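The values are calculated or read from the model by the stated rules, or taken from the named source; none is laboratory data. What you see is a predicted model, and the numbers here were worked out from it, not measured in a lab. Every residue, glycine as well, gets a Cβ built from its backbone with ideal geometry; the counts of neighbours run over all protein chains shown.
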Amino acid sequence: MKRKAVLRVNAKLLIPLILLFALYVQFHGDFGPGGGFQAGVIFGSGFILYAIIFGVEVARRVAPAWLVRIGLASGVLLYAGVGVVGMLLGSNYLDYSVLAHDPVHGQHLGILLIEFGVGLTVACSMITIFFIFAGQRPGGEGR
Amino acid sequence: MVFMAVTAFTLARLRNLFAVAMLSGVFSLLAAVVYVVMDAVDVAFTEAAVGAGIATVLMLGTLVLTTDVEKVHPKKPIAPLIVVTLTGAVLIYGTLDMPHYGDPNAPIHHHVAPRYIEKSGAEVGPPNIVTSVLASYRGYDTLGEVTVIFTAAAGVLVLLGRWRRAAAASNPHKTDDEPEARS
């Protein structure tokens, strides 16, 4: 893939837009369609496109395995932790109304946080699975 | 839908697995279009990105490791065909009792949906009701889904990741002692 100029230029144009769109879907999910799952999947596929075009080794340097694994776990932890915080503040598990003074603001904050957790975990798991499959190859270098 | 049927038939007939991987991506993309037509844009996003993008890439990665031509079975499988046809017929018969798509009298529109539509703006806030249902009213379910995805990634990591490390460690030195094997 080192010499395919068309693919490289197109990927360089497209990947920032894909990642930006993923962030838009992530943080605009309250207002438009989308949410954590969609955003995580789009972010993950954008990153996988990068890995395919520029080689898995380069992509591994951008997102080392330990970073991806930490993201994988911390997404779930963030989600569950928001629930625990709600419980500590004297309400039911995963009830976000107590996170702020106004219940609606609390719900808003809680949804934002847990959607971020969802997106983090989904994106990191997609990247992890892809890296593992790509690393199985005897040569190791990208197509 | 017609395109989807044609793609599915071609998929079943093809022997070249590279073409099968590509066509299943096409199938996912068509499914995403159907979801958009049914106004489920969220699901369409996911289908397009996972089904047409990531799953195709993973299948191609698997093909690199294995081979790209399917093994031909000598005998014609009749019994599986009968089972599949019967199951399909029963499923289609079951859908005959379901309410039509978009029917306002369907039971699903009378259980909790009106309450979500009327009250979620005041109780939860976001204008996207799907988000408030998923993240707030059904928070437990979404937590479960995230845990499933986390478990899937962790499972792949444990199964394939350790195998790769063990192979890389044992190949140069030809040693057989693995600390994990005893536990």
- Query: In region B:12-21, which residues are surrounded by fewer than 15 Cβ atoms within 10 Å (Cβ to Cβ) and assigned to a helix (DSSP H, G or I)?
  - Reply: B:Ala12, B:Arg13, B:Phe18, B:Ala19
- How many residues does region B:22-70 hold that are outside any helix (DSSP H, G or I) and more than 17 Å from the chain's Cα centre (by Cα)? 7
- Under 8 Å between Cβ atoms, at least 6 apart or on separate chains: pull out the pairs that start in region B:39-68 with a residue that is facing another protein chain (nearest Cβ under 9 Å) and in contact (Cβ under 8 Å) with a residue 60 or more places away in the chain and end on any residue that is outside any helix (DSSP H, G or I) and surrounded by fewer than 20 Cβ atoms within 10 Å (Cβ to Cβ). B:Asp42/A:Pro33
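Quick one: would you say A:Ile53 is crowded, with 19+ Cβ neighbours inside 10 Å and within 13 Å of chain B (Cβ to nearest Cβ)? Even if it seems obvious, please write down each step before you answer.
Values: crowded, with 19+ Cβ neighbours inside 10 Å: yes; within 13 Å of chain B (Cβ to nearest Cβ): yes.
Criteria met by A:Ile53.
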- Task: Please find, within region A:18-44, the residue that is modelled with the highest pLDDT out of those that are part of a loop (DSSP other than H, G, I, E, B) and more than 17 Å from B:Val36 (Cβ to Cβ).
- Result: A:His28
